[in-house]
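Notes to accompany the following structure.
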Amino acid sequence: MTAEDELAGIGRAVGWDLGAEREVLAGAASGSRVYRVRVDGMDAVLKVTTAGPGQSAARRELRFYQTLARQVPVTTPALLRHADDDNLTAILLSAHPPALPARDWDLPAWRRVAREVADLHSTPVPEQSSWLDTPWLQQILDRSSVDSAGAYWSRTEAAHRVDRVLEKPEALAAAVAATEDRFLHGDCHVGNLLGDGSRLVWADWQVAGVGKPAVDLAFLWSRAHADGAEPPYAAMVDEYLARSEIDKAALQRSLIAAELGVLLFGWPAFAAHRTQAERDRLTRRLIQLIEGWNRSA
């Protein structure tokens, strides 16, 4: 089935005229299909997830736009239309251009995103239990696959350094958990940030929920570093702390632990999709983090 046929079928299923100007967009690692369409004379983005494992995340994102989007102190796409049944969840959102690639960000841009992460984390924690699921990184640390991590990193320059950390993965989980819960984006990386003039527009809320603040910043840094960027870590921490009442020492140790967790237990599954140069960058970053972890202990 072509994308045109698929979109025509979606349009019929939800009763929308999706126009003649259509484009399949990249991304959607979550399993959603994402299209740029033109509806009612304006550009829009259509996210469609059919019945299956990914539909619960799509419904979570729909619930975010319906209930929390107006409460968070960051800009999000506008929810234009939606449809949800046993067959599919479809979300039609306002369209915005992508942000620059992470490697092209300057210091003011990184400072701005640190401020916006802090502002997002100031959102009152929702009381509904549906937002209180354990975030993915905390799950990884709580149920860390030490054998898989050791097997991958033992073939890298970091081999003789990782063993000590892998002996006590619970120490990483404890450090991440040492700060108070905040409302998180959950999939915080530059690819989910759009541009709209001087504003950032925060997209892809499928794993939003309550967790530890280091998760968002650590994942942002890890993805950016893999993509060739050098985030100004200290400047971003200072910007974040200026807008957030968190103990600096606890946050810094939590950040090291969270980024270590991302690299040790998260990245091996994706290494095959990266170039050797990118894998080497991640290895050098892991070595830096282990040295910082040992100093902080």
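The values are calculated or read from the model by the stated rules, or taken from the named source; none is laboratory data. Every value quoted in this text rests on a predicted model; they were computed, and no experiment measured them. Because the Cβ atoms are built from the backbone with ideal geometry, glycine has one as well, and the counts that use them run over all protein chains shown.
Would you confirm, using the coordinates I've provided, whether ALA118 is in the same structural domain as VAL262 (by TED's automatic domain parsing), in a helix (DSSP H, G or I), modelled with pLDDT of 95 or more and surrounded by 15 or more Cβ atoms within 10 Å (Cβ to Cβ)? Steps first, answer last, please.
Values: in the same structural domain as VAL262 (by TED's automatic domain parsing): yes; in a helix (DSSP H, G or I): yes; modelled with pLDDT of 95 or more: yes; surrounded by 15 or more Cβ atoms within 10 Å (Cβ to Cβ): yes.
For ALA118, the condition - in the same structural domain as VAL262 (by TED's automatic domain parsing), in a helix (DSSP H, G or I), modelled with pLDDT of 95 or more and surrounded by 15 or more Cβ atoms within 10 Å (Cβ to Cβ) - is met.
If I ask for residues that are surrounded by 14 or more Cβ atoms within 10 Å (Cβ to Cβ), closer than 27 Å to ALA235 by Cα and not basic (Lys, Arg), which ones from region 266-283 would you list?
Those that are surrounded by 14 or more Cβ atoms within 10 Å (Cβ to Cβ), closer than 27 Å to ALA235 by Cα and not basic (Lys, Arg): GLY266, TRP267, GLU278, LEU282, THR283.
I need the helices (runs of 4 or more DSSP H) fully contained in region 204-297, keeping only those with at least 3 residues that are charged (D, E, K, R). Walk me through it before giving the result.
Values: elements: 214-226, 233-242, 248-261, 276-296.
Filter on region 204-297 gives 248-261, 276-296.
If only one of ALA171, ALA175, ALA151 is among the aliphatic types (A, V, I, L, M) and surrounded by fewer than 13 Cβ atoms within 10 Å (Cβ to Cβ), which one is it?
Details: ALA171 fails: surrounded by fewer than 13 Cβ atoms within 10 Å (Cβ to Cβ); ALA175 fails: surrounded by fewer than 13 Cβ atoms within 10 Å (Cβ to Cβ).
Only one candidate passes the filter, namely ALA151.
Could you list, in sequence order, the residues of region 46-98 that are touching a strand residue (DSSP E or B) at 6+ places or on another chain (Cβ under 6 Å) and charged (D, E, K, R)?
Across region 46-98, the qualifying residues are LYS47, ARG59, ARG81.
Quick test for you: out of LYS248, LYS212, pick the one residue that is more than 18 Å from the chain's Cα centre (by Cα) and either modelled with pLDDT of 95 or more or of a type in the set (Lys, Arg) (or both). Walk me through how you get there before you give the answer.
Numbers: LYS212 fails: more than 18 Å from the chain's Cα centre (by Cα).
Checking each option against the conditions leaves just LYS248.
Within region 91-108, can one find any residue that is at pLDDT 95 or above, of a type in the set (D, E, K, R), surrounded by 15 or more Cβ atoms within 10 Å (Cβ to Cβ) and within 26 Å of TYR240 (Cα to Cα)?
No - not one qualifying residue is present in region 91-108.
Filter region 128-169 for residues that are part of a helix (DSSP H, G or I), more than 23 Å from ALA272 (Cα to Cα) and among the acidic types (Asp, Glu) and give the result.
At the first step, the residues of region 128-169 found to be part of a helix (DSSP H, G or I) are 129-131, 136-142, 146-153, 159-167, 169.
So of that shortlist, the ones also more than 23 Å from ALA272 (Cα to Cα) come out as 129-131, 138, 142, 164-165, 167, 169.
Scanning region 128-169 gives ASP142, GLU167.
Going by the structure shown, is ASP119 in contact with a Lys or Arg (Cβ under 7 Å, 6 or more places away or on another chain) and either of a type in the set (Val, Ile, Thr) or within 17 Å of PRO73 (Cβ to Cβ) (or both)? Show your work before the answer.
Details: in contact with a Lys or Arg (Cβ under 7 Å, 6 or more places away or on another chain): yes; either of a type in the set (Val, Ile, Thr) or within 17 Å of PRO73 (Cβ to Cβ) (or both): yes.
For ASP119, the condition - in contact with a Lys or Arg (Cβ under 7 Å, 6 or more places away or on another chain) and either of a type in the set (Val, Ile, Thr) or within 17 Å of PRO73 (Cβ to Cβ) (or both) - is met.
Mind listing just one residue for me: the one in region 188-223 that is among the acidic types (Asp, Glu) and surrounded by 24 or more Cβ atoms within 10 Å (Cβ to Cβ) and, of those, farthest from VAL34 (Cα to Cα)? Quick ask: steps written out before the conclusion?
From region 188-223, those among the acidic types (Asp, Glu) are 196, 204, 216; that's our starting set.
From what is left, the residues that are surrounded by 24 or more Cβ atoms within 10 Å (Cβ to Cβ) are 204, 216.
Numbers: ASP204: 11, ASP216: 23 Å.
Top of the filtered list is ASP216.
Matching residues to (1) closer than 13 Å to ALA175 by Cβ; (2) touching a residue at least 40 places away in the same chain (Cβ under 8 Å); (3) not assigned by TED's automatic domain parsing to the domain that holds ARG111:
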position: MET236; (1), (2), (3): no, yes, no
position: VAL262; (1), (2), (3): no, yes, no
position: HIS273; (1), (2), (3): no, no, no
position: LEU289; (1), (2), (3): yes, no, no
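What is the number of the single condition among (1) of a type in the set (D, E, K, R); (2) modelled with pLDDT of 90 or more; (3) surrounded by fewer than 20 Cβ atoms within 10 Å (Cβ to Cβ); (4) in contact with a strand residue (DSSP E or B) (Cβ under 6 Å, 6 or more places away or on another chain) that GLU23 does not meet?
(2)
Under the condition of being of a type in the set (D, E, K, R) and in contact with an Asp or Glu (Cβ under 7 Å, 6 or more places away or on another chain), which residue from region 162-221 is farthest from LEU79 (Cα to Cα)?
It comes out as LYS212.
Residues of region 63-77 being under 15 Å from THR89 (Cβ atoms) and in contact (Cβ under 8 Å) with a residue 40 or more places away in the chain, which ones?
Residues satisfying the conditions are ARG63, PHE64, TYR65.
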